[in-house]
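Asker: Starting off with a structure, shown below.
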2 protein chains.
Amino acid sequence: VSARENRDLIGRLQQIVGGEHVLTSRDILGSYETDWTRRFSGSALAAVRPASTAEVAAVLAACNEAGVAVVPQGGNTGLVGGSVPRAGEVVLSTRRLAQVESFDPVARELTAGAGVTAAQANALAAAHGLQLGVDLASRDSATVGGMAATNAGGIHVVRHGMMRSQVIGLEAVLANGGVVDRMFGVVRDNTGYDLANLLVGSEGTLGVITRVRLRLVAVERRRAVALLGLDSVEEAIGVALAARNGLPGLNAAEIFFAPGMELVCSAMGLTPPFEKRFPVYVLIEAAGAGEVAEGLAAFLEGSARAAASAFATDARDCARLWAYRERHTEAINTAGVPHKLDIALPLGRMAEFVREVGPVVRSLDPGGREILFGHVADGNLHVNLLGFEPDDERPDDAILRMVAGLGGSISAEHGVGVAKRQWLHLTRSAADIAAMAAIKRALDPRGILNPGVIIPA
Amino acid sequence: VSARENRDLIGRLQQIVGGEHVLTSRDILGSYETDWTRRFSGSALAAVRPASTAEVAAVLAACNEAGVAVVPQGGNTGLVGGSVPRAGEVVLSTRRLAQVESFDPVARELTAGAGVTAAQANALAAAHGLQLGVDLASRDSATVGGMAATNAGGIHVVRHGMMRSQVIGLEAVLANGGVVDRMFGVVRDNTGYDLANLLVGSEGTLGVITRVRLRLVAVERRRAVALLGLDSVEEAIGVALAARNGLPGLNAAEIFFAPGMELVCSAMGLTPPFEKRFPVYVLIEAAGAGEVAEGLAAFLEGSARAAASAFATDARDCARLWAYRERHTEAINTAGVPHKLDIALPLGRMAEFVREVGPVVRSLDPGGREILFGHVADGNLHVNLLGFEPDDERPDDAILRMVAGLGGSISAEHGVGVAKRQWLHLTRSAADIAAMAAIKRALDPRGILNPGVIIPA
């Protein structure tokens, strides 16, 4: 595409969305060109900010005709480089699709433009005792459209499922500008292929999600948290499965380990919870309208006896226990720039992984260290590696191969983006990748939607 | 394809699966050529019964190369003609993929070949107090693969979701014989496009599902059922939403109407539940391990006061109340051969639909009548039309147009098959249908997989 053609395209985009919503100045473009991790960045031809589905459709049709690639961008809080430009693409920001169109507190659902943030949706829902089923640390910036496009997860997946389970309808614009309206619903609508679920998690490569219809869940009035010190991963899994099967109102089941606990306590100045050091810690949260504390206490007495445990029911004490888990990311950042992997394992193989990951890391660099934490009932671990250069792919490669060898997932919740595409073949057969590539070509024959994301070139 | 080429293909199929598993005799083929409704039938070139994923792959590769179409068939209990041949296809029966490969009562999941029936899976799970999350009247014949391929629903969707929500892993063979292995899981695995959810509900047009990994749910020990006589659809929806939001252990919320109640009572010889006739009836079932009867009683007292209600907690009384709802299909069949539509409506439009459906039916034939029943919390109604010739498409057309006009779904749980494809455009935009057709061509370029199903020619 020549400079002249680029200028022509920008002129067309200005006609579609208005001059002030086509950004081309380098100083303004900066925030669209770099994601929040600052690990991924590239330069954009322009950032365009459509305000309606029709404008998104016209923008995509114009870019498709011009053969200029488009990077859809919501809150730009992804972790795999899928929402920033790489080589002069047009960034299509969904942030002006920011209207909540309807909110039904009785049916417990909300219909919103893709650019509404999780925090905005929750603020509205909270007035009726409701919230989104998915919660994320990036809630103030993350958009509901971006959360759908990346199938976001978080700590409440054990209760409410991933973002996929929250999306009961969606609208998207395809590469050619065609609009797919699946707003009626996903649950009771067996009318042809489930394009909604195909678009969820497709990371902007098959279409731009413009509207979502989301289910809401109750904000539970009562909460109780237990932190357990345990001797093994097997015990932790046993506790988590027992909680999933028998603890009313299970809201979270998180796992972390001695090195993380020690780093959090030292870096954040927290007092360790127990006198003794344990190799494994599990945090269980129950929430509900009924006898939540009693239920959790009975569970601890019956199914989850631990050598050491702490128990909290008021907000302050709950937050104090949660801090050991939640401040991991912050504490890790004080110790260096980590490589972050987001993997899942069959529960029966998780102990093996935890045992072997240290030796593998040290075999690459004796000074390397790993801090793990995650969502134990789902087999999902966040692997943070310290002591490696940012561009050193060896530890990522070694660990993702180990995960694949154990029958796990190389990306449990963050997606593939550009960061993981080279490892896609580890867990996807040639037939599977060929099928994904064929679908990509079928829906986006000119390859303008987020090229380079998910599917390796 | 010439007779000679057909003979060559049959020879190859015999080599792949063994001679006795390639059926070509007309008398044996009969049961593969007609579905259980007897509404749909056609003739097959052969029925082939592979016993492994590798055999399915070889069968599809051979048929693909020969350019001979394949109709995948599980229990053959569909309602839209998607599992029987139409014009000399090869029927690929999955019934020999009948092994339960693993069963984990603690993780509450089961991995099974596609040909395992729902009843077989439930029998195994029941020994550990577990069951599939989806239950159907056709449970003795319906296979788990077919239930996944058609995204089956049923009465427990309000609690556990459709079959899509039960499938935590899946393996399928594509048209070219390539194998897609997504057995690791669907929940915490954001590694590329969600082919598993694309295959679920694709009715055998994109691949043949060969294995599934399913979540299981607890068989609840205690059950309580209430039958309410109500004055309006609005009241019924109010009760259903209140139950969904606040009744612990809500297991089913069914709706039916005076004409159905009267037909069931007269045709099945049941005593009406109440002295007074009500226009609308709602059946609520709660199930759980705790104080289920007390919870349902408190709910009826607080949120669902009705002029008339019946309450049951022991198995026999529960069955007696369920009979008014469950025996609808049987009672309708005594009155004629119904046209069966399976639609869903936005809850806010359901009353309007119920009001208008009768006049529409009578405008086509003064002797026509409609019996409705369904799953009220999901907006799903089964519309049974009596008094029309089997081939008369006018009532189907009129009602599906009405549903589309109200923003509903023309197929809530049965799928599209061949029966609904001509109405697909009522609720799917041209861009949407073009996207589905493009995906079909991408994964099945020669169009051998269940041609004519879902996508109009």
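Asker: For residues that are of a type in the set (S, T, N, Q) and more than 11 Å from chain B (Cβ to nearest Cβ), tally how many sit in the range A:204-222. Break it down into steps so the answer makes sense when it comes.
Answerer: Of all residues in the range A:204-222, those of a type in the set (S, T, N, Q) come to A:205, A:210.
Remaining after also requiring more than 11 Å from chain B (Cβ to nearest Cβ): A:210.
Number of matching residues: 1.
Asker: Which condition from (1) open to solvent by less than 40 Å² (accessible area, probe 1.4 Å); (2) over 22 Å from B:ASP231 (Cα atoms) is the one that B:GLY387 breaks?
Answerer: Result: B:GLY387 passes all but (1).
Asker: Same structure, new question: Consider A:ALA175 against the criteria (1) more than 8 Å from chain B (Cβ to nearest Cβ); (2) open to solvent by 10 Å² or more (accessible area, probe 1.4 Å): it satisfies all of them except one. Which criterion is unmet?
Answerer: A:ALA175 satisfies every listed condition except (2).
Yes/no per residue for (1) modelled with pLDDT of 95 or more; (2) over 20 Å from B:PRO445 (Cα atoms):
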| residue | (1), (2) |
| --- | --- |
| B:ALA62 | yes, no |
| B:VAL68 | yes, no |
| B:VAL84 | yes, yes |
| B:ALA87 | no, no |
| B:GLU101 | yes, yes |
| B:VAL106 | no, yes |
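Asker: So which of A:ALA306, A:ALA258, A:ALA289 is at pLDDT 95 or above and of a type in the set (A, V, I, L, M, F, W, C)? Break it down into steps so the answer makes sense when it comes.
Answerer: Working: A:ALA306 fails: at pLDDT 95 or above; A:ALA289 fails: at pLDDT 95 or above.
Only one candidate passes the filter, namely A:ALA258.
Asker: If I go through the range B:183-198 residue by residue, how many of them are more than 7 Å from chain A (Cβ to nearest Cβ), open to solvent by less than 10 Å² (accessible area, probe 1.4 Å) and not small (Gly, Ala, Ser)?
Answerer: Here the count works out to 0.
Asker: May I pose another question? If the requirement is being under 25 Å from the mean Cα position of the chain (by Cα) and among the small types (Gly, Ala, Ser), which of these qualifies: B:ALA69, B:ALA46, B:ALA54?
Answerer: B:ALA69
Asker: Would you please name the residue that is surrounded by the fewest Cβ atoms within 10 Å (Cβ to Cβ), looking only at residues in the range B:303-338 that are in a helix (DSSP H, G or I) and charged (D, E, K, R)?
Answerer: Looking at the filtered set, the residue picked out is B:ARG316.
Asker: How many residues, within the range A:340-355, are more than 13 Å from the chain's Cα centre (by Cα) and buried (at least 23 other Cβ atoms within 10 Å of the Cβ)?
Answerer: Total satisfying the criteria: 4.
Asker: Turning to a different aspect of this structure: Can you name the number of the only condition in (1) aliphatic (A, V, I, L, M); (2) under 30 Å from A:ARG223 (Cα atoms); (3) away from chain B (no Cβ under 14 Å); (4) out of contact with any strand residue (DSSP E or B) (no Cβ under 8 Å at 6 or more places or on another chain) that A:LEU364 fails?
Answerer: (2)
Asker: Now for a different question. Just wondering, is there one or more residues in the range A:417-427 that are in contact with a His (Cβ under 9 Å, 6 or more places away or on another chain) and part of a loop (DSSP other than H, G, I, E, B)?
Answerer: Yes, the range A:417-427 contains a residue that is in contact with a His (Cβ under 9 Å, 6 or more places away or on another chain) and part of a loop (DSSP other than H, G, I, E, B).
Asker: Under the condition of being among the small types (Gly, Ala, Ser) and within 22 Å of B:VAL173 (Cα to Cα), which residue from the range A:421-457 is most open to solvent (accessible area, probe 1.4 Å)?
Answerer: A:ALA430
Asker: Among (1) more than 10 Å from chain B (Cβ to nearest Cβ); (2) under 24 Å from the mean Cα position of the chain (by Cα), where does A:VAL239 come up short?
Answerer: Condition not satisfied by A:VAL239: (2).
Asker: So, one more: Just need a number here: residues in the range A:149-169 that are open to solvent by less than 10 Å² (accessible area, probe 1.4 Å) and away from chain B (no Cβ under 12 Å).
Answerer: 1
Asker: Next question. Can you tell me which residue among B:LEU341, B:LEU372 is within 14 Å of chain A (Cβ to nearest Cβ) and part of a strand (DSSP E or B)?
Answerer: After ruling out the rest, the residue left standing is B:LEU341.
Asker: Moving to a separate point now. Scan the range A:105-135 for residues that are touching a residue at least 40 places away in the same chain (Cβ under 8 Å) and either within 19 Å of A:GLN73 (Cα to Cα) or within 16 Å of the chain's Cα centre (by Cα) (or both) and report the count.
Answerer: 8
Asker: Would you please list the contacts, defined by Cβ atoms under 9 Å and residues six or more apart or on different chains, that run from a residue in the range B:424-444 that is more than 7 Å from chain A (Cβ to nearest Cβ) and over 29 Å from A:ILE433 (Cβ atoms) to a residue that is part of a helix (DSSP H, G or I) and open to solvent by 30 Å² or more (accessible area, probe 1.4 Å)?
Answerer: Pairs that qualify, where the first residue is more than 7 Å from chain A (Cβ to nearest Cβ) and over 29 Å from A:ILE433 (Cβ atoms) and the partner is part of a helix (DSSP H, G or I) and open to solvent by 30 Å² or more (accessible area, probe 1.4 Å), are B:HIS425/B:ILE433; B:LEU426/B:ARG401; B:LEU426/B:GLY405.
Asker: Now for a different question. Would you mind stating whether B:GLY201 is part of a loop (DSSP other than H, G, I, E, B), within 7 Å of chain A (Cβ to nearest Cβ) and under 21 Å from the mean Cα position of the chain (by Cα)?
Answerer: yes
Asker: Tell me the residue from B:GLU262, B:GLU234, B:GLU254 that is on the phi < 0 side of the Ramachandran plot and without any contact (Cβ under 8 Å) to a residue 40 or more places away in the chain, please.
Answerer: It is B:GLU262.
Asker: Scanning the range A:102-139 for residues that are within 14 Å of chain B (Cβ to nearest Cβ) and farther than 21 Å from A:GLY288 by Cα, which turns out surrounded by the most Cβ atoms within 10 Å (Cβ to Cβ)?
Answerer: A:THR111
Asker: May I ask you to list pairs of residues, at least six apart or on different chains, whose Cβ atoms are under 8 Å apart, with the first in the range B:40-53 being under 14 Å from B:ALA114 (Cβ atoms) and in contact (Cβ under 8 Å) with a residue 24 or more places away in the chain and the second being among the small types (Gly, Ala, Ser) and surrounded by fewer than 22 Cβ atoms within 10 Å (Cβ to Cβ)?
Answerer: B:PRO50/B:ALA58
Asker: Moving to a separate point now. Between residues in the range B:348-367 that are modelled with pLDDT of 95 or more and residues that are open to solvent by 50 Å² or more (accessible area, probe 1.4 Å) and assigned to a helix (DSSP H, G or I), which pairs lie under 6 Å by C-beta distance while being six or more apart or on different chains?
Answerer: B:ALA351/B:GLU234; B:LEU364/B:ARG394
Asker: Just to be sure I understand, how many residues within the range A:384-412 are more than 14 Å from every other protein chain (Cβ to nearest Cβ), touching a strand residue (DSSP E or B) at 6+ places or on another chain (Cβ under 7 Å) and outside any helix (DSSP H, G or I)?
Answerer: Here the count works out to 5.
The values are calculated or read from the model by the stated rules, or taken from the named source; none is laboratory data. These numbers come from a predicted model, not from an experiment. Please note: Cβ atoms are built from the backbone with ideal geometry, for glycine as well, and neighbour counts cover all protein chains shown. The accessibility values were calculated without ligands, DNA or RNA, using every heavy atom of the protein model including side chains. Shrake-Rupley method; radii C 1.70, N 1.55, O 1.52, S 1.80 Å.
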